1. Considering Cα pairs under 8 angstrom that are at least six residues apart, work out the relative contact order of the chain and quote it in whole percent.
2. Tell me, what is the percent relative contact order of region 309-364, built from C-alpha pairs under 8 Å that lie six or more residues apart?
3. Could you run the Debye sum over the Cα atoms of the chain, one equal point scatterer each and no solvent, and tell me log10 of I(q)/I(0) at q = 0.07, 0.13 Å⁻¹, two decimals?
4. Give the order of 89, 76 when sorted by the count of other beta carbons within 10 angstrom, beginning with the fewest.
5. Pairs of alpha-carbon atoms within less than 8 angstrom and 6+ residues apart define the contacts here; what relative contact order does region 193-319 have, in percent?
6. Want the number for residue 199 to residue 84: 0.36 nm per residue separation, take away the alpha-carbon distance, what's left?
7. Using label points projected 7 Å from each Cα along Cα→Cβ, tell me how many nm separate residue 357 and residue 290, to one decimal.
8. Among 23, 347, 200, which one moves the most in a GNM of the chain with springs linking Cα atoms closer than 10 Å?
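Each value in this text was obtained by applying a stated rule to the coordinates, not by laboratory testing. This is a predicted model, so every value here is computed, not measured. Cβ: placed from backbone, ideal geometry, glycine included. Neighbour counts: every protein chain shown.
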Ligand code: SF4
């Protein structure tokens, strides 16, 4: 069975006010080099899987902040692998022509660009460091190299953002004709600068009504621009889905390498240490057997994230059970109009997309 490989680069040049990912500002270059040493060791420990890896995803953090030499070292570690999809996350301010050329040399064929918004005032409020021209430059240059498979990350429900500002972002996306968009609402997470402000009464999240309106607007607009809404937060043109992320949602196997990374192989979930200094000498924190119960739960929770939903018969045959007998609350969810059954698929309705967590909670 083909697998994915996720590699985490936990370094950023500056820390965004909303971010709770595993990341830090590196003290110096030595710190990154030391991390790459550990990464190399961990990567090699999975060498026997290399021939079965079909997707690589280098995420972060900010992988593109590594120097050319560090990036080269990283790509060298992986060069034996011949994936059909090879993605790297890039922040526009750390993109340079030489880095793009290096991506091309090593077969990277997909870039996930951390845009968040094109509005420079909002970018500043998030502590993002790029400018609008830097976004356009990165896209143009990647395209000139033949790396057309570009995904943009977009955030909505940013405090201070109006519907008109969101519309502007969406219109720019339309004009750029980008094949893939991931769109998330800003979530107030603990241990972030925004949370620190919130505790002091200096930060107010957007009201739920406006947030819902924005989500609806994103869906409507992107659909009208020719995107298929294929996962709660993801949109693709011409079926240019994220193959790697689809593995997560379909319980496919993937290896997770790097601080805080997790994987799913041989029916086990692996969890790496989040603290970089611990990761350096002991990458893995724990490994857990995925029981049949957990598999059913994950099939439903991840599966319903896809707009195509879950094929009821296939799931019942795979796990030898009756879905509605096991989860009688599904009838209630149907009555509430949160889920529906269409051509044998169990799916979230539009209302269910907004109240996804309420639906997912019945499977836990
Ligand atoms: S959002 Fe991305 S760039 Fe910003 S701090 Fe988090 S990982 Fe780094």
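1. 15
2. 34
3. Debye intensities relative to I(0), on a log10 scale: -0.32, -1.18.
4. Starting with the residue having the fewest Cβ neighbours, the order is 76, 89.
5. 16
6. In short, 36.8 nm is gained.
7. 2.4
8. Maximum fluctuation in the GNM of the chain, among the listed residues, is at 200.
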